[in-house]
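Before any comments, here is the structure.
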Amino acid sequence: MARNKSFSVTTLPGFTAIALTTFVLLYAPIVTMVIYSFNDSESVALWGGFSIRWYVEAWDNTQVQQATVRSLVIAVSAAFISTTVATMAALGTTRRGRFKGQTLIYVMINQPLMVPEIVTAVALLIFFASIKVATGYTGLAYLILAHSAFCVPFAYLPIRARLEGMDLALETAAADLYARPWQTFRHVTLPLMMPGIAAGAMLAFVISLDDVIITEFVKSAGQDTLPTYMLGQLRRAVTPEVNAISTALLALTVLLLTAFFILNRKRD
Amino acid sequence: MTEAAVEARSARKEYGAGDKKVRALNDVSLVINKGEFFTLLGPSGCGKTTLLRLIAGFESPTSGMILLGARDISTMAPYDRPVNTVFQSYALFPHLSVADNIGFGLAMQGTPKAQVDARVAEMLALVKLEAFSERRPQQLSGGQQQRVALARALAPEPEVLLLDEPLSALDLKLRKEMQLELKRLQSETGITFVFVTHDQEEALTMSDRIGVMRDGSILQIGGPREIYNKPVNRFVADFIGETNVLTGTVETGGVRLPTGDVIAVDNLDAAAQGSKVSLAVRPEQVRIGDGALSARVAETVYFGTDTHCHLRMSDDTEVVARMQSPPSGDTGLHEGQQVSFDFVPGAVRVLED
Ligand SMILES: Nc1ncnc2c1ncn2[C@@H]1O[C@H](COP(=O)(O)OP(=O)(O)OP(=O)(O)O)[C@@H](O)[C@H]1O
Ligand SMILES: [Mg+2]
């Protein structure tokens, strides 16, 4: 038994303890938050019995309603735009061997992952401020553009992974079978990269939905999204309403993820 | 007169540039006839796939021409060529059903759906996969995938079908079955097959004609019997089956071996008197007993239906004789025994080097 035993981290002393602590730290706060979203009391910390009153209050709160709609509009638009851009970028960077400047292109595409978000936020603030002054337009387009930009790498990575795993011989086979280049793309390349595109779009959607820093800097007056609204609430008396909204967001994310996994399983 | 289906005229293909330039095809000229089962045979890296890719249109020749019938197609896109390929890796579309894979070519050509369906049904029957039409390729065995790839390439009724080592991924038994199946399909459809393999036995059993390739050039083109019995040089002789190679000096009436014996040689016309030549003779064309040559039995090796007898002549040249094993399994030859032998008339040939 002792022979041929390969190294395994699971046998290191303290492994189980560290793993358990990590999981507790990850999940205990979330569980607490979910439980306290059903708290009947005004306080976020004191339990006053079970109730769904904070969900009702959040639901009836016009500010919350508007912020939710705004968040969804921005997230859907940003996911759509960034996924389209990322798809083109992935097609442009993977359908051939290594090329000059490949690393530079990768770094440029993934810039938002490397530059501190606060830097991007300040840069966008200044950039858009001058445009706002020049054009007088203060609508949602700024937020949609900003979100689209920083969502690109999140959409790009899964699409690129999918394309890199794709057998180029399939496209050759399509061309051999009388498919013109656009037909090959439409009937072979696109369907095969679809799982990657779906994963990319989902990631982009969730990342956009969740963004605080850039949104806070770029938004015009009265353009709160759900996260910035909640942040605003913190500055006043915090009520379990924040818990309720967070729990709803969590539920939405879990729902999306589940739908995605089920769809993916069916495909393969 | 037979009609040409495909022709290569001094087709050259170079990959890369500068120092890294590789010449994969070296001015290959070749005519493949309509309705023929033509095999390209050669060792790994000799340019077989490259030649197929030129015919299919995935690459264009660096110089020279590829013709289809009488048309120069050197620069035509693959999707415009009435040529289909069975890929070594099959390259079946994993997101499409077996039926949709087979119908792909016709669908891309804009054939009406009813017609596509009818043709797909016909092809499924031809390759005996009717029960699998709704499966995905990855739910099939290797042999079944192979047949789907074949049906997919045959469905649009190409003028020429290219097959790049289509059987190399299959086990021996399945391989034999598919060899017969391919032959059947070829005679049933009458389509010109260009088949690539590096297995000489496969080439000999399946082909109407064989082109033997080495280092980007075609060394010899001929029917299986011609290639086997009359190899032009030592490489072809060695590559296609086992062969005995002897050396000797040309004289009037034959070639004098180092042992002093003079033997008759078939194709001696070109060789100058007194010149040194290499000779080839197949093991099954060596007859032991009652011959003009003599040797000592060095070893006998039993192979089931055949027995190989290694003979050593007085100058230590070894000649292998292949004979059918007698029912008892014992040839009566034993090590050290002196025997006389000779070669079947017309069997000994001069090899170019
Ligand atoms: N895209 C390429 N770039 C550079 N060199 C190549 C390329 N494709 C093939 N070659 C070279 O050209 C030569 C012929 O290759 P080819 O694939 O035609 O050989 P093959 O006869 O099909 O061999 P195998 O039996 O191994 O498939 C080889 O030396 C190979 O390394
Ligand atoms: Mg090859």
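Suppose we filter the range B:1-51 for residues that are basic (Lys, Arg) and within 19 Å of the chain's Cα centre (by Cα); how many remain?
From the range B:1-51, those basic (Lys, Arg) are B:9, B:12-13, B:20-21, B:23, B:34, B:48; that's our starting set.
Checking the rest, the ones that are also within 19 Å of the chain's Cα centre (by Cα) come to B:34, B:48.
Looking only at that region, the number is 2.
Name every residue in the range A:182-223 that is among the basic types (Lys, Arg) and in a loop (DSSP other than H, G, I, E, B), in order of residue number. Don't jump to the end; show me each part of the working.
If we filter the range A:182-223 for residues that are among the basic types (Lys, Arg), which is where we start, we get A:186, A:219.
Matches in the range A:182-223: A:LYS219 only.
It is to be established whether one or more residues within the range A:75-98 are out of contact with any Asp or Glu (no Cβ under 6 Å at 6 or more places or on another chain), under 22 Å from A:PRO153 (Cβ atoms), exposed (fewer than 14 other Cβ atoms within 10 Å of the Cβ) and modelled with pLDDT of 90 or more. Please lay out each step first, then the result.
Filtering the range A:75-98 down to residues out of contact with any Asp or Glu (no Cβ under 6 Å at 6 or more places or on another chain) leaves A:75-93, A:95-98.
Next cut, under 22 Å from A:PRO153 (Cβ atoms) only: A:75-93, A:95-96, A:98.
Narrowing the set further to residues that are exposed (fewer than 14 other Cβ atoms within 10 Å of the Cβ) leaves A:88, A:92, A:95-96, A:98.
Then drop every residue that is not modelled with pLDDT of 90 or more, which leaves A:88.
Among the residues of the range A:75-98, at least one is out of contact with any Asp or Glu (no Cβ under 6 Å at 6 or more places or on another chain), under 22 Å from A:PRO153 (Cβ atoms), exposed (fewer than 14 other Cβ atoms within 10 Å of the Cβ) and modelled with pLDDT of 90 or more, which makes the answer yes.
Can you tell me which residue in the range B:304-353 is modelled with the highest pLDDT, limited to those that are under 22 Å from B:GLU226 (Cβ atoms) and exposed (fewer than 14 other Cβ atoms within 10 Å of the Cβ)?
Per the stated criteria, the residue is B:VAL344.
Looking at B:ALA56, B:ALA114, B:ALA77, can you tell me which residue is in contact with a Gly (Cβ under 9 Å, 6 or more places away or on another chain) and either within 30 Å of A:MET193 (Cβ to Cβ) or away from ligand 2 (no atom under 16 Å from the Cβ) (or both)?
Values: B:ALA56 fails: in contact with a Gly (Cβ under 9 Å, 6 or more places away or on another chain); B:ALA114 fails: in contact with a Gly (Cβ under 9 Å, 6 or more places away or on another chain).
Result of the check over B:ALA56, B:ALA114, B:ALA77: B:ALA77.
Is it the case that the range B:65-77 has a residue that's within 16 Å of ligand 1 (Cβ to nearest atom) and open to solvent by 10 Å² or more (accessible area, probe 1.4 Å)? Outline the logic, then answer.
Keep residues of the range B:65-77 that are within 16 Å of ligand 1 (Cβ to nearest atom), which gives B:66.
Filter once more, so that each one left must be open to solvent by 10 Å² or more (accessible area, probe 1.4 Å): none.
No: the range B:65-77 contains no residue that is within 16 Å of ligand 1 (Cβ to nearest atom) and open to solvent by 10 Å² or more (accessible area, probe 1.4 Å).
Just one of (1) of a type in the set (A, V, I, L, M, F, W, C); (2) away from chain A (no Cβ under 14 Å); (3) more than 27 Å from B:GLY211 (Cβ to Cβ) trips up B:VAL148, so point out which.
Only one criterion in (1) of a type in the set (A, V, I, L, M, F, W, C); (2) away from chain A (no Cβ under 14 Å); (3) more than 27 Å from B:GLY211 (Cβ to Cβ) is unmet by B:VAL148, namely (2).
Any residue in the range B:161-179 that's in a loop (DSSP other than H, G, I, E, B): show its pairings with residues that are modelled with pLDDT under 90 and within 12 Å of ligand 1 (Cβ to nearest atom) at Cβ separation under 7 Å, as long as the two are six or more apart or on different chains.
B:GLU165/B:GLN88; B:PRO166/B:GLN88; B:SER168/B:GLN88
From the set of residues in the range B:138-160 that are without any contact (Cβ under 8 Å) to a residue 40 or more places away in the chain and not in a loop (DSSP other than H, G, I, E, B), which is nearest to ligand 2 (Cβ to nearest atom)?
Only one residue fits best here, namely B:GLY142.
Quick one: how many residues across the range B:28-46 are open to solvent by less than 10 Å² (accessible area, probe 1.4 Å) and either within 13 Å of ligand 2 (Cβ to nearest atom) or within 14 Å of chain A (Cβ to nearest Cβ) (or both)?
Result for the range B:28-46: 4.
Assuming A:ALA179 fulfils every condition listed in (1) open to solvent by 70 Å² or more (accessible area, probe 1.4 Å); (2) within 14 Å of another protein chain (Cβ to nearest Cβ); (3) part of a loop (DSSP other than H, G, I, E, B) apart from one, which condition is it?
(1)
Would you check which residues across the range A:136-174 are surrounded by fewer than 23 Cβ atoms within 10 Å (Cβ to Cβ), part of a helix (DSSP H, G or I) and facing chain B (nearest Cβ under 7 Å) and list them?
Result: A:ALA169, A:LEU170, A:THR172.
So B:GLY216 clears everything in (1) away from ligand 2 (no atom under 16 Å from the Cβ); (2) at pLDDT 90 or above; (3) on the phi > 0 side of the Ramachandran plot except one condition, right? Which one?
Answer for B:GLY216: the failing condition is (1).
Going by what's in this entry, would B:LYS183 be described as assigned to a helix (DSSP H, G or I), more than 30 Å from B:ARG71 (Cα to Cα), open to solvent by 30 Å² or more (accessible area, probe 1.4 Å) and in the same structural domain as B:THR39 (by TED's automatic domain parsing)?
Working: assigned to a helix (DSSP H, G or I): yes; more than 30 Å from B:ARG71 (Cα to Cα): no; open to solvent by 30 Å² or more (accessible area, probe 1.4 Å): yes; in the same structural domain as B:THR39 (by TED's automatic domain parsing): yes.
For B:LYS183, the condition - assigned to a helix (DSSP H, G or I), more than 30 Å from B:ARG71 (Cα to Cα), open to solvent by 30 Å² or more (accessible area, probe 1.4 Å) and in the same structural domain as B:THR39 (by TED's automatic domain parsing) - is not met.
Of the residues B:GLY254, B:GLY260, B:GLY216, only one is open to solvent by less than 40 Å² (accessible area, probe 1.4 Å) and in the same structural domain as B:ARG184 (by TED's automatic domain parsing); which? Before the answer, list the steps.
Working: B:GLY254 fails: in the same structural domain as B:ARG184 (by TED's automatic domain parsing); B:GLY260 fails: in the same structural domain as B:ARG184 (by TED's automatic domain parsing).
The match here is B:GLY216.
Counting just the residues of the range B:65-99 that are among the small types (Gly, Ala, Ser) and touching a helix residue (DSSP H, G or I) at 6+ places or on another chain (Cβ under 9 Å), which one comes out farthest from the other protein chains (Cβ to nearest Cβ)?
We begin by selecting, within the range B:65-99, every residue among the small types (Gly, Ala, Ser); these are B:69-70, B:74, B:77, B:89, B:91, B:97, B:99.
Now drop any that are not touching a helix residue (DSSP H, G or I) at 6+ places or on another chain (Cβ under 9 Å), which leaves B:74, B:77, B:89, B:91, B:97, B:99.
Values: B:SER74: 16, B:ALA77: 7, B:SER89: 6, B:ALA91: 4, B:SER97: 13, B:ALA99: 14 Å.
Per the criteria, the residue is B:SER74.
For the range B:12-27, give me the residue count where each residue is open to solvent by less than 60 Å² (accessible area, probe 1.4 Å) and within 16 Å of ligand 2 (Cβ to nearest atom).
3
Quick check on my filter: what residues within the range B:202-213 are under 18 Å from B:LYS34 (Cα atoms) and surrounded by fewer than 20 Cβ atoms within 10 Å (Cβ to Cβ)?
Filtering the range B:202-213 for residues under 18 Å from B:LYS34 (Cα atoms) gives B:206-211.
Within the range B:202-213, B:ASP208, B:ARG209 qualify.
For the range B:85-104, indicate whether the set of residues that are farther than 25 Å from B:ALA169 by Cα, open to solvent by less than 30 Å² (accessible area, probe 1.4 Å) and more than 16 Å from ligand 1 (Cβ to nearest atom) is non-empty.
First, pick out the residues of the range B:85-104 that are farther than 25 Å from B:ALA169 by Cα: none.
No, the range B:85-104 contains no residue that is farther than 25 Å from B:ALA169 by Cα, open to solvent by less than 30 Å² (accessible area, probe 1.4 Å) and more than 16 Å from ligand 1 (Cβ to nearest atom).
Is it the case that A:LEU125 is surrounded by 10 or more Cβ atoms within 10 Å (Cβ to Cβ), farther than 17 Å from A:ALA161 by Cα and over 19 Å from the mean Cα position of the chain (by Cα)? Step through it out loud before you land on a result.
Numbers: surrounded by 10 or more Cβ atoms within 10 Å (Cβ to Cβ): yes; farther than 17 Å from A:ALA161 by Cα: yes; over 19 Å from the mean Cα position of the chain (by Cα): yes.
The answer is yes for A:LEU125.
The values are calculated or read from the model by the stated rules, or taken from the named source; none is laboratory data. This is a predicted model, so every value here is computed, not measured. Here Cβ is always computed from backbone atoms with ideal geometry, including for glycine, and neighbour counts include all displayed protein chains. Areas reflect the complete protein model, heavy atoms only, side chains present, ligands, DNA and RNA absent. Shrake-Rupley method; radii C 1.70, N 1.55, O 1.52, S 1.80 Å.
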